[in-house]
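Please read the structure below before turning to the comments.
The values are calculated or read from the model by the stated rules, or taken from the named source; none is laboratory data. Being a predicted model, the structure only gives us computed values, none of them experimental. Backbone-built Cβ (ideal geometry, glycine too); neighbour counts: all protein chains shown. Note: accessible area is taken over every heavy atom of the protein model, side chains too, but ligands, DNA and RNA are not part of it. Shrake-Rupley method; radii C 1.70, N 1.55, O 1.52, S 1.80 Å.
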Amino acid sequence: MKRIFITGASGCIGHYMAEALIQETDHELYFLVRNPDKLQFDYLSRPNVHILTGDLQNIEQFSDLLKTVNIAILAATSWGGVTESYEINVIKTLGLIQLLDPQICEQIFYFSTASILDQQNQPLPEAGEFGTNYIRTKYQCFMQLKELPIYQKVTTLFPTLVFGGEPNKPYSHLSGGIGDVIKWIDLIRWFKADGSFHYIHAKDIAQVVIYLVDHPLPETDEKLVVLGNKKTTVDEAVEVISAYLNRRIYFRIPLSITLINFFIKVFRLRMEDWDRFSISYRHFTYKSTFTPANFGLNNYCTTIDDVMRLSEG
C-alpha cells in the first residue's frame, strides 16, 4: 500500500482520478483541496482517505506529511492572472516537489499541457513567449522542473484537448463548450479549415494515471506522456459532428487567413497573442500520444462520435 498525495481533485480530471483511486486501489490517499464542499466523489466510502483543507499557497504547512509520501499526483493549476498563475503553477508547484523526500518518494505525476510541446514532443518556445498565463507558466515550470535532482522520478503528463464531465463531476472547458458548437454547426459546416489536433476524455486520463501508479515507467532521464487519441483534422471533426446531428454538407468554403481576419474584424473578436499564434500554427499534433489502449486497457472515449454521445449523458 502506497501513501499518495493528490492536488487538483476538485477539477474535472481530478474527480475521475479520485473516484478511480478510491474505488480501484487500496492506497492511502491524501487529497489537498481548498473547498471540500466542491467534492462530488464519495471520500467516505472506505478507510484511509483523507481530505486536507488548504492550497498550494500554504503548502509548507504539510511539509511533515510530504516527507512520508510515496507518490505525488500534481493536477492543481491556476487559471488566474499573471502573478497568481506564476505563484501557483511555478513557484509553489516546484516548492511542493522539493518538499518530497527523494529516498521515500517513488513517483511524481506532474500535469502539464500538450500546448507547450511542438510536433516532435519537444518544448515549444512560442508557448513561453506568446502563451496565455496558464500555458506560459506551464512552460516555465516544465523547463525548471528538469533541473531538479528528483526529476528522474517525475512522469510529466501532457493532456491534449480534454473532454469530460457528468452530473456528479465538473465539466471540462471543452465539454462545457459543446453546446456552442452545436449552436453554430449550421454555419461551421460550410467552411474548410487547415488544422489538426488530438483529444482525450478525462476518464481515460484517470485510467492511465491509475495504471502507472501500480506499473511505473522505467526510470529514465525523461518520462514524457502525451495523452491523446490519434490525431484528427478540423474538417474530419466537423464532418462527424454534422453527421451526428443529421446536418448534410453540400459544399465547403476554404477558410483562409484573410477570411479568418475578416471574421475577427466583423465580429469584433478579442484576440490574444496565443490565439494569433494558434491560427498560424494550426496543427497541434504530436509524434506519439497515449491512451489506456497503449497499456492494454479499454478506452472509454476514442472517437468524435463517442465525444458527442457522452456529451448527451
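Here are the numbers for the structure shown:
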quantity: Karplus 3J(HN,Hα) series, Hz, for the stretch 282-287 with 6.51 cos²θ - 1.76 cosθ + 1.60 (x for Gly, Pro); calculated: 6, 9, 8, 10, 9, 4
quantity: Label-point gap, in nm, between ASP26 and THR68 - each point 7 angstrom along Cα→Cβ; calculated: 1.9
quantity: Calculated FRET efficiency for the pair GLU129/LEU52, C-beta based, R₀ 41 Å, to 0.05; calculated: 0.70
quantity: Candidate residues ARG247, ARG268: accessible-area rank, largest first, probe 1.4 Å; calculated: ARG268, ARG247
quantity: Set of aspartates and glutamates near LYS153 by C-alpha distance (under 19 Å), chain-local residues within fewer than 8 positions excluded; calculated: ASP101, GLU106, ASP214, GLU219, ASP221, GLU222
quantity: Contact order normalised by residue count of the stretch 111-265, Cα under 8 Å, 6+ apart, percent; calculated: 26
quantity: Radius 9 Å from Cβ of SER10, net charge of other residues (Lys, Arg +1; Asp, Glu -1); calculated: +2
quantity: Accessible area (Å², 1.4 Å probe, nearest 10) - ARG46; calculated: 50
quantity: Solvent-accessible ranking of TRP184, TRP79, TRP190, TRP274, largest area first, probe 1.4 Å; calculated: TRP79, TRP184, TRP190, TRP274
quantity: Simple spin-label estimate for GLN144 and LYS183 in nanometres, 7 Å along Cα-Cβ; calculated: 3.9
quantity: Axial C-alpha extent at least 30 Å, average Kyte-Doolittle at least 0.0 - helices from the chain (DSSP); calculated: none
quantity: Relative contact order for the chain, counting Cα pairs under 8 Å that sit 6 or more residues apart, in percent; calculated: 18
quantity: Cβ-based net charge around LYS192, under 12 Å, with every Lys or Arg adding one and every Asp or Glu removing one; calculated: -2
quantity: Rounded Å value of the spacing that divides the Cα centres of the stretch 281-313 and the stretch 1-78; calculated: 26
quantity: Sum of -39500 (n - 2.57) over DSSP H runs of 4+, divided by residues of the chain (222 nm, nearest 500); calculated: -10500 deg cm²/dmol
quantity: Amide H contacts under 5 Å for HIS283, placed H, 5+ residues apart; calculated: SER196
quantity: Solvent-accessible surface (1.4 angstrom probe) belonging to HIS50, in square angstrom, nearest 10; calculated: 60
quantity: Translational diffusion coefficient (Stokes-Einstein; Kirkwood radius from C-alpha pairs) of the stretch 16-156 at 37 °C, 0.692 mPa s, in µm²/s; calculated: 203
quantity: Normalised contact order of the stretch 102-185, rounded percent, pairs of Cα under 8 Å and 6 or more residues apart; calculated: 30
quantity: Considering only the chain, percent of DSSP beta bridges that pair antiparallel, nearest 5; calculated: 10
quantity: Solvent-accessible area per residue for the stretch 136-287 (1.4 angstrom probe, square angstrom); calculated: 54
quantity: Share of carbon and sulfur in the accessible heavy-atom surface of the chain [1.4 Å probe, %]; calculated: 52
quantity: Global form of the stretch 1-73, assessed from the alpha-carbon gyration tensor, a/c cut-off 1.5; calculated: oblate
